[in-house]
Amino acid sequence: MIRVILPGQLRTLAGAEREVQLEVSAPTQRAVLDALEERYPMLLGTIRDRVTGRRRPLVRFYALEEDYSDEEPDAPLPEEVASGKEPFLIIGAMSGGSTPSPPGRAGEGRTGTPDA
Amino acid sequence: MSQVRLLVGTRKGAFIFTSDEGRERWDITGPHFPGWEIYHLKGSPSDPNRLYASQSTGWFGQVLQRSDDGGKSWQPVNNDFRYEGEVGPHKWYDGSPHPYEFQRVWHLEPSLHNPDVVYAGVEDAALFRSDDGGRSWRELPGLRQHPSASEWAPGAGGLCLHSIVLDPKTEGRMYIAISAAGVFKSDDGGESWKPANKGLRSAQIPDEDAEVGHCVHHIAMHPSRPDTLFMQKHWDVMRTDDGAESWQEVSGNLPTDFGFVIDIHAHEPETIYVVPITSDQHHFVMDGKLRVYRSRTGGNEWEALTNGLPQDNCYVNVLRDAMSVDDCESSGVYFGTSGGQVYASNDAGDTWQTLAHDLPGVLSVEVQRIP
C-alpha cells in the first residue's frame, strides 16, 4: 500500500482526503501516478502534462526528505515508500502560481498574465 | 420577475452575483475554485443554468469545469486539449520559431442553440470544440494550420485566442481574434479561415497594414446586426459594417484609444462602451479617473460616464473579457477591474454602483438574464 499526500488544491479538485492510499504492485513514480489518476480522473493533466506525460514544471515529488522530482519515472520507489511506512508527497513548488515557468521549461518567458 | 446573474472570474477564484431585475441588491457567492485563476466562465444562451468555467494555475495547469445548476455545483470535465496533426512553430518573443504548446483556455463560447456545444479559445492560439458538454474536445485545426500561423507572435500575455463571436443569422459564420495575429473569419463552422484585418493599422509591426500581426484586444457583435462588429485594438477603436471585410477607425474624441474591453448595448446596436487605458506602457486608466466612454453613434463621438465611479487616485485596468451587458428593459452594463472592483449600471451607464470592492483582480465578467 502506497500513501500519497496531495496538495490542497488537488485534494479539493479530486474531492479526496489529504492522504490517498493506493494498492500498487511494483511501485514506481509512473505506476503510482497512473493509479492515482485512475481513481481520480479529474487529476489527469494536473500533475503530468497530458500530451508529453512529463511532470509539470511546478509540481515536485518528495519522499524521505529527499526530492524525487527528477528521478526516472520507472525507477522503483524506496522501500519505505513502497511499504507505506513513509508517504509520497506531491507538492506545488514554492515558485508556482502565476509567475513565469523556470528557465528551460515549457513556457519559459511567459508572463502568465492576461494583462497584455 | 426574472433574475440577473453575473459570473465573475478572478485571479483567485470565481464569484457569482445574483439580483432581481431591479439590480439594486446583489447576493454574492464564492470564491468558487479558490486559489485558481478563472480566466473565463460563461453560460449557455439556450440553457442558462449550464455554465462552463476555465480554471488554471501555473502549478497544476488547466481544468475545465461545468455546472448544470447555475453554479451551485460543478463537475470537472475533460481538459485534454491536444493539437491535431502536425504541430508547427509560431514566432517566439525574440522572433525565433517556437513549437505550439497548449498553455490554457482563455475564452469559452457556448453555442447559441445547443448547451452541449461549446468552443474554447486557447493559448497557444487555437480553437477547440466540444459537442458533448466538455467531455471531449477536438481542435478545429484549419485555423492553426493557416499559412500565416508560423508568423504569429505572442502579445505580452501570450499567443492567445481570446475572442469568439458566433453569427446568429448566417449558419457556420464565426469570427475569432488572436493577440497578436488579428481577426479571422470562417464561413464553414470553423473548418477554414481567412484573415479579416483589412483597414487595421498598427505602428508596432513592420508593415502597418499587414494582413496579419495586429494585436486585436477584443471584438463584439450585436445579434441584430451580425455584419457590424466593433473592435478594441491595442491602439484604436474600429468598426466594420461588411462582416469584417474592411474596418474603419471610430476612436474619434476618445482621450486615448488604447484599451481592452468593448461592448454593445443590448437594445441599441449603435451604442457602444469602452474603457480607455492610458497607454500600452501604462496599463491603468488616465488621470486617476475611472471613466467608461459611451458612444451612441456607433463610434467617433464619445461621452465619459463617471457617475458613481472613482475619480481620484484610481489606477486600475479593465481586461478584455471583463465587461458585459444585460438585456433587461433598461440595459445593464457591468465591468470588473484589475483592482478587484466590480461595477454595475442598471441605466445603460448613466449611473454606477459598486457591487464588490475587494475581490482578487477581475479577469472576466459575463451577465445572464435568467427567466
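We did not get these values from a lab; they are worked out from the coordinates using the rules stated. Fair warning: this is a prediction, and the values are worked out from it, not measured in the lab. Cβ atoms come from the backbone with ideal geometry, glycine included; neighbour counts cover every protein chain shown.
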Problem - Residue-by-residue Karplus 3J(HN,Hα) for region B:99-115, coefficients 6.51, -1.76, 1.60, Hz, glycine and proline x - result: x, 4, 9, 5, 10, 6, 9, 8, 8, 10, 10, x, 4, 6, 10, 10, x
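I want the local charge near B:P206. Using Cβ-Cβ distances under 14 Å, sum +1 for each Lys or Arg and -1 for each Asp or Glu among the other residues.
-3
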Handout entry: Reachable aspartates and glutamates, given that their alpha-carbon falls under 14 Å from the alpha-carbon of B:K12 and they are not under 8 places away in the same chain
Key = B:E37, B:D358
Handout entry: FRET efficiency, B:S96 to B:D280 (Cβ-Cβ, R0 25 Å, nearest 0.05)
Key = 0.65
Exercise for the section: Distance between Cα centroids, region B:125-145 to region B:201-280: provide it in whole Å. Expected result: 26
Completion exercise
The long-range amide H neighbours of B:A356, using H built 1.01 Å from N in the peptide plane and a cut-off of under 5 Å, are B:V342
Completion exercise
Expressed in angstrom and ordered largest first, the alpha-carbon extents of chain B along the principal axes are 52, 46, 40
Exercise for the section: Towards the positive end of the charge dipole of chain B, with charges on Cβ (+1 Lys, Arg; -1 Asp, Glu), say which of B:W152, B:W26, B:L290 has the farthest Cα. Expected result: B:W26
Exercise for the section: Calculate the mean, over all residues of peptide A:45-53, of how many other protein chain Cβ atoms lie within 10 angstrom of the residue's Cβ. Expected result: 5
Exercise for the section: Note down the magnitude of the dipole of chain B about its Cα centre, charges +1 on Lys and Arg C-beta and -1 on Asp and Glu C-beta and zero elsewhere, to the nearest 20 debye. Expected result: 700
Practice task
Mind ranking B:153-161, A:86-94 by how tightly packed they are, going by the mean number of other C-beta atoms within 10 angstrom, highest first?
Solution key: B:153-161, A:86-94
Handout entry: Peptide B:52-59 - average C-beta neighbours from other chains (10 Å radius)
Key = 6
